[in-house]
Amino acid sequence: MENKLISQLTTIAELYYMQGLTQQEISKRVHIHRSEISRLLKEARKLGLVQITVNSNVQSLNSLQDFLIKKFNLKDALVVPENTESLDLQMLGEFAAQYLSKKITNNSVIGVSWGRSLAHTIQSMPDQSQRRGITVVPLIGGPAGRLKNDYQSNKLVYILAERLNAKGESLNCPALVSSKALKSELTSNPNIQVVLNYWEDLDYALVGIGSNAITNLTQWKEFYKNSDFTNLLKKTNAVGDILSRPYTQDGKIIKSSKLNVIGLDLNSLKKVPNVVGIACGKNKVRSILGALNTGVLNVLITTDITALGIKSLCTSESQM
């Protein structure tokens, strides 16, 4: 085989597996069509240029999945083996995408939130052009400040709709506004009402899980600037949020008259038949536990290390 081809395969494999770039991002960088990137990655694995080590301790993963399902009355759980040296959101996204691609059916209405784990999942979704009658909608408005475009709900809706041969709707308003009057004015707009009406008929909701441990990061400060969200987290025992709705570790949903969110509220989210939470990381163990305790989620996709952290917290609480 020509050295030029081997060099190309190695470069693409390094970008995908070591740097965590999506196939679309690699396509733009090396100027090769996305479908060709997928083929080249398969070729690299076939030739042994890429060797993937799989955690063979399936019994341990199954045990964690069973624990989560029984403890929190879930429909299902997917626990992904995690590289102990690094948190690979790309791998989590690939497992989650494969799981969802088998579950989502024709004529479904799918709601999408925002965040990094969810972005990796949706960007990893395989093309399913044979699907029919699916509609994808945002579950929350956009950021008033700066947030990486790839993580925003409207962008994720666009990508997922393209992969599922689906109709996509956008929600062109801020997630957080300054007053109830402004929220009322925006949500009465006919274009926004189209999306809000879909919220009544959701079959699936795909949500990320936020953590109060990461709100000091610049990108999240920008997202929540000029809102009462950060102050609310500091004044309460909030450990995390779903759709910018904070809650405590024991699952109590925190409400505030100063927090005006244009997004689906958590009590309405509970009514959706399939609410899939996708999140992992040591800094999110408490926030994921809180999310599970709210009763909002009925499917959780996370890593084994995160699941072990959740189980450890549950054991500690039971011994108190």
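Would you list Glu43, Glu185, Glu169 from fewest to most Cβ contacts within 10 Å?
Sorted ascending by nearby Cβ count, the order is Glu185, Glu43, Glu169.
Could you work out Rg/(2.2 N^0.38 Å) for the range 58-318, with Rg from alpha carbons only?
Ratio of Cα Rg to 2.2 N^0.38 Å: 0.95.
Starting from the amide H of Glu82, placed 1.01 Å from N in the peptide plane, find each other amide H under 5 Å away whose residue is 5 or more places distant or on another chain.
Answer set, sorted by chain and number: Asp304, Ile305.
Out of all Cα-Cα pairs in the range 3-46, roughly what percent, to the nearest whole number, are more than 11 Å apart?
60 percent
When Lys and Arg each count +1 and Asp and Glu each count -1, what net charge do the other residues less than 10 Å away from Met125, Cβ to Cβ, add up to?
Value of the local net charge: -2.
Hey, can you grab everything whose amide H is under 5 Å from the amide H of Gly142? Only 5+ residues off in sequence or another chain; H modelled, so Pro and N-termini drop out.
Residues meeting the amide H criterion: Cys173, Ala175.
Arrange the following residues from fewest to most other Cβ atoms within 10 Å of their Cβ: Val285, Val30. If you can, show how the numbers build up before the last one.
Working: Val285 26, Val30 14.
Ranked by crowding around the Cβ, least crowded first: Val30, Val285.
Could you derive backbone 3J(HN,Hα) for the range 192-201 from the dihedral phi with the Karplus parameters 6.51, -1.76 and 1.60 (θ = phi - 60°), listing whole Hz in sequence and x where the residue is Gly or Pro?
Per residue, the Karplus-derived 3J(HN,Hα) values read 6, 4, 4, 5, 4, 5, 5, 4, 6, 10 Hz.
Under a Cβ-Cβ cut-off of 12 Å, what is the net charge of the residues other than Arg245 that fall near it, where Lys and Arg count +1 and Asp and Glu count -1?
That works out to +1.
Determine, for His120, His33, the number of other Cβ atoms within 10 Å of each Cβ, and report the residues in order from fewest to most.
His33, His120
Among Gln90, Thr294, Ser188, whose Cα lies farthest out toward the positive end of the dipole of the range 58-318, if unit charges sit on the beta carbon of Lys, Arg (+1) and Asp, Glu (-1)?
Ser188
Taking amide H positions as placed in the peptide plane 1.01 Å from N, state which residues far from Gly168 in sequence (5 or more) or on other chains have amide H under 5 Å from it.
Val136
Within the range 91-157, which trypsin sites (Lys or Arg not before Pro) sit in a loop by DSSP and count at most 14 neighbouring Cβ atoms inside 10 Å?
Filter output for the range 91-157: Arg132, Arg146, Lys148.
Laboratory data are not the source of any read-out in this text; all were calculated from the coordinates shown. Treat the numbers as computed from the prediction; the structure is a model and nothing was measured. All Cβ positions, even for glycine, are placed from backbone atoms using ideal geometry, and neighbour counts span all protein chains on display.
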